[in-house]
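A short worksheet on the structure shown next.
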Amino acid sequence: MAPTLYDEKPELGDLIEIFRGSYQHWAVYIGDGFVVHLAPPSETPGAGVNSMMSVLTEKALVKKEELWDVVGTNRWEINNNLDKEYEPRPVHIIVKEACALVGKELPYCVFRGNCEHFVNELRYGKAESRQVRKAGEAVAIAGAVGLGIFGIVALAGALFGGSKKENKNTQ
């Protein structure tokens, strides 16, 4: 169940992580119930499969909207976890820069410039996405496992396949 207004009270500059099924959408809280976020054209609460089409877009719009309009029926939480790695910028700078970007169309790339990169740039001055990092690690692990399996099969083929061939030649 999604938090209500009284469950969590974001503070200025807090990052809001919104869970939308297979991915998370991110926004930065700027006060009075409003957030600023980078939204590809299909990014709307409850957009479902259409939101996945956002990976194909090259532009996104910086929007200022009410937190509850952005969250919709999705679960959300305040997530400033990178505070452990980076010093947050002063709150007035985060809010001022976020508001200055509202209405601007920015380049969008799911791997290099998505909504999580956008909010982390505002809060920490570093455009990072843990979603992209995790996805990259998963691909690397899957690739390593795949190469490992391929290597084992190739080794087995070389060891056991070669012995059959040698047996044929000696008969």
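The values are calculated or read from the model by the stated rules, or taken from the named source; none is laboratory data. What you are looking at is a predicted structure, and each value in this text was computed from that prediction instead of being measured. As a convention, Cβ positions derive from the backbone with ideal geometry for all residues, glycine included, and neighbour counts pool all protein chains shown.
Values computed for the structure shown
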item: Of all residues making up region 53-104, the number that are among the aromatic types (F, W, Y) and assigned to a helix (DSSP H, G or I); result: 1
item: Scope region 2-52; condition part of a loop (DSSP other than H, G, I, E, B), more than 18 Å from E77 (Cβ to Cβ) and at pLDDT below 95; matching residues; result: P40, P41, S42, E43, T44, G46, A47, G48
item: Out of Y108, Y86, sole residue that is surrounded by 15 or more Cβ atoms within 10 Å (Cβ to Cβ) and at pLDDT 85 or above; result: Y108
